[in-house]
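The values are calculated or read from the model by the stated rules, or taken from the named source; none is laboratory data. Treat the numbers as computed from the prediction; the structure is a model and nothing was measured. Here the Cβ positions follow ideal geometry from the backbone for every residue, glycine too, while neighbour counts run over all protein chains shown.
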Amino acid sequence: MEQRSSGLQRLVGEVAKFGAVGGAGVLVNLGVFNLVRHVSSLPVVRASVIATVVAIAFNYVGFRYWTYRDRDRSGRTRELTLFLFFSAIGLVIENGVLFLATYGLGWDSPLESNVFKFLGIGIATLFRFWSYRTWVFRALPAQEAESILAAESRRSPSEPAPKTQRV
């Protein structure tokens with residue numbers, strides 16, 4: 001019973017951290033989207049794709065170095081490749097919703113564009129949470145993850161994080 005409670009607490013903590021990084025990413029995404037729309041004459045979906053790419057870069061840093069800092073670090077190339085792959089799928093989901101609203105339904109006022117961009121972000125976020133935690137930032141055994149977090153709390157901020165090896 002205690003193990004299940006501990007697992008649930010870890011999941012709740014992970015969801016909270018994912019939500020904090022994702023929430024900041026949403027602000028970056030919407031901010032860049034509206035800035036690009038305001039200062040350029042790019043079509044709505046192109047402006048949205050640019051904003052999504054900026055948010056993806058922002059989110060990777062937050063996820064790797066905060067949300068999933070206790071996860072396997074041995075395959076950084078694999079991790080980044082999978083992150084970009086699943087992020088691209090999320091980009092298609094997110095901007096597909098905006099595309100359908102804009103070009104399928106004709107809803108393209110600034111307010112409607114922001115509402116459907118936000119809705120697309122929400123749907124894509126569900127996919128991203130599942131794919132990132134399942135495929136990209138793989139969980140380490142609990143004992144190994146705890147030792148990584150303990151080592152991080154003891155090292156100075158200027159020291160590089162140790163790389164872990166999976167056996």
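Brief remarks follow.
- Scanning region 42-65 for residues that are of a type in the set (D, E, K, R) and either closer than 12 Å to GLU94 by Cβ or under 13 Å from the mean Cα position of the chain (by Cα) (or both) yields one hit, ARG64.
- First in region 23-41 and within 21 Å of GLY90 (Cα to Cα), second anywhere and among the hydroxyl-bearing types (Ser, Thr, Tyr) and assigned to a helix (DSSP H, G or I), Cβ under 7 Å, 6 or more apart: ASN29/THR52; PHE33/SER48
- Restricted to helices (runs of 4 or more DSSP H) entirely inside region 42-134, those with at least 1 residues that are within 17 Å of GLY19 (Cα to Cα) and among the β-branched types (Val, Ile, Thr) are 44-62, 110-131.
- In the set (1) free of Cβ contacts under 8 Å to residues at least 60 places away in the same chain; (2) of a type outside the set (Gly, Ala, Ser); (3) within 30 Å of ARG78 (Cα to Cα), the condition left unmet by LYS117 is number (1).
- Checked against the criterion of being at pLDDT 95 or above, aliphatic (A, V, I, L, M) and crowded, with 20+ Cβ neighbours inside 10 Å, the candidates ALA88, ALA101, ALA57, ALA24 yield just one match: ALA101.
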